[in-house]
Amino acid sequence: MIKKNAAVRLKNLLLAAALAALLGGCATSGNPKDPLEGFNRVMFAFNEGVDTVLIKPVALGYDAVMPTPVRTGVTNFFGNIADLFIGVNNLLQGKPDQAASDLGRVLINSTVGILGLFDVATAAGLEKHDEDFGQTFGRWGIGTGAYVVLPLFGPRTVRDTAGLVLDVAVDPVANVDHVPTRNSLGALRLIDNRADRLPADRVIEEAALDKYSYVRDAYLQRRNNLVHDGNPPRRTE
Amino acid sequence: MKYLLGLLAAFLLSISAGAAELAPDALVRNVTSEVLEIVRKDRDIQAGNSRKTLELVETKVLPHFNFQRMTQLAMGREGRQATPEQLRILTEEFRDLLVRTYSKALTEFRGQEIIYRPFKMAPGETDVRVRTEIRQTGSKPLAFDYYLERTAASWKVYDVEVGGVSLVTTYRSSFGQEIQRNGIDGLIRSLQARNRSSEIAAGAPK
């Protein structure tokens, strides 16, 4: 019953979003980083809607029900899976030391850390990194292109969208052959990620004057920071 | 007369040098550890008691921030047209918004370990970055960087970057947008409205 209700609401949302995208597609406020602002704002509202009716409630329930050690175990498990291609990206970015460390993390955490449930590598001094193909492209000197809000995936740039396509293509979870397993793992990871973002979300709600532009500017700054591994060229003003 | 002015200037300089003795990294470390120690022990704050958290931030953190500079940074170019009176009101409202945001972030703190990164400063430096890190299980450490400038009285924080995201300049496009549409007064009105709605929400029973 509840499920059906949510599905109907989701369908209405999708219809409303498609309609609004058609009508508002060309409205912009002239921000050079965001030429697609009209479309993006509609997509943003759509994603917020899906989050409010579907993803966030589940994440809140998950956060409330799951004991902290289990939560950490789930986050670690997916983090371990991700470490493999974080290492590959570090290698592509010409950072073999970090790539070796990432590979070491996978080896240690998959064995001593029991299939990645425990992050013993961090305690052993191998720090976790954060890399993806979008960052690799940035490292290679490819510009970000326009900011774009993707349906369901959320904020990206054109460059990071291309990166995302590769990230998904090599994602071990997306490549599991057994469909029910793949879907369950994907859903669990989605909810676990969302639950991890709940605290930051509460702070953004408090901070933002206009949530759309706040999230956009934060995203662009964050990505720039990540591409430069925490040391972006100091902004001049 | 000239001699007197020179003397006065020398006197003022000596005061500022004396008062600025606490180095910026020591200042950040002292305030951070003191505040987090209180948060760690206080169950009300951990449960999200916003009045108590606000009090803590106002007494311990707020004196070390230069809100006027932060407001000017957030407004960027658009803000240069603001009159002193408008700037005063804007600074007040923006301060309330930032203090509430900071307080909210504090109630989300769960006893993670804070690392203070090595700090070097050339003599005579007036603008520095103090880097800290929050260690969190299962993810990359989150950088928490404080930008400080030397003022007459002491070192003051004028920006905080979390994971490379500036607490201040992230407002620049929303502020600029508002100023372009409705002028400086429009920005003041929207900040006031934002603050009032948060106060009402905070006053309502949880």
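The values are calculated or read from the model by the stated rules, or taken from the named source; none is laboratory data. Just so we're clear, the structure is a prediction, and the values are computed from it rather than from any experiment. All Cβ positions, even for glycine, are placed from backbone atoms using ideal geometry, and neighbour counts span all protein chains on display. We work out accessible area using only protein heavy atoms, side chains counted, and drop any ligands, DNA or RNA first. Shrake-Rupley method; radii C 1.70, N 1.55, O 1.52, S 1.80 Å.
Only one residue in A:Gly141, A:Gly104, A:Gly134 is without any contact (Cβ under 8 Å) to a residue 12 or more places away in the chain and farther than 21 Å from A:Leu188 by Cα, so which one is that?
On the way: A:Gly104 fails: without any contact (Cβ under 8 Å) to a residue 12 or more places away in the chain; A:Gly134 fails: without any contact (Cβ under 8 Å) to a residue 12 or more places away in the chain.
Exactly one residue qualifies, and that residue is A:Gly141.
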* Asked: B:Gly138 fails exactly one of the following numbered conditions: (1) away from every other protein chain (no Cβ under 13 Å); (2) on the phi > 0 side of the Ramachandran plot. What is the number of that condition?
  -> (1)
* Asked: Is it true that some residue in the range B:117-124 is modelled with pLDDT of 90 or more and within 23 Å of A:Ile204 (Cβ to Cβ)?
  -> no
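A:Leu164: touching a residue at least 24 places away in the same chain (Cβ under 8 Å), in a helix (DSSP H, G or I) and surrounded by 19 or more Cβ atoms within 10 Å (Cβ to Cβ), yes or no? Before the answer, list the steps.
Numbers: touching a residue at least 24 places away in the same chain (Cβ under 8 Å): yes; in a helix (DSSP H, G or I): yes; surrounded by 19 or more Cβ atoms within 10 Å (Cβ to Cβ): no.
For A:Leu164, the condition - touching a residue at least 24 places away in the same chain (Cβ under 8 Å), in a helix (DSSP H, G or I) and surrounded by 19 or more Cβ atoms within 10 Å (Cβ to Cβ) - is not met.
Given the residues B:Ile179, B:Ile184, B:Ile114, B:Ile188, which is the only one that is assigned to a strand (DSSP E or B), over 15 Å from the mean Cα position of the chain (by Cα) and either surrounded by 19 or more Cβ atoms within 10 Å (Cβ to Cβ) or not basic (Lys, Arg) (or both)?
It is B:Ile114.
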* Asked: Taking the range A:63-103, which residues are open to solvent by 20 Å² or more (accessible area, probe 1.4 Å), assigned to a helix (DSSP H, G or I) and away from chain B (no Cβ under 14 Å)?
  -> A:Ala64, A:Val65, A:Leu84, A:Phe85, A:Val88, A:Leu91, A:Leu92, A:Pro96, A:Asp97, A:Ala100, A:Leu103
* To do: Go through (1) in contact with a Pro (Cβ under 6 Å, 6 or more places away or on another chain); (2) open to solvent by 50 Å² or more (accessible area, probe 1.4 Å) one by one and return the number of the condition A:Trp140 breaks.
  => (1)
* Among what's in the range B:72-91 and is under 15 Å from the mean Cα position of the chain (by Cα) and of a type in the set (S, T, N, Q), pick the residue that is least open to solvent (accessible area, probe 1.4 Å). => B:Thr91
* If B:Leu148 passes every condition in (1) modelled with pLDDT of 95 or more; (2) on the phi > 0 side of the Ramachandran plot but one, which one does it miss? -> (2)
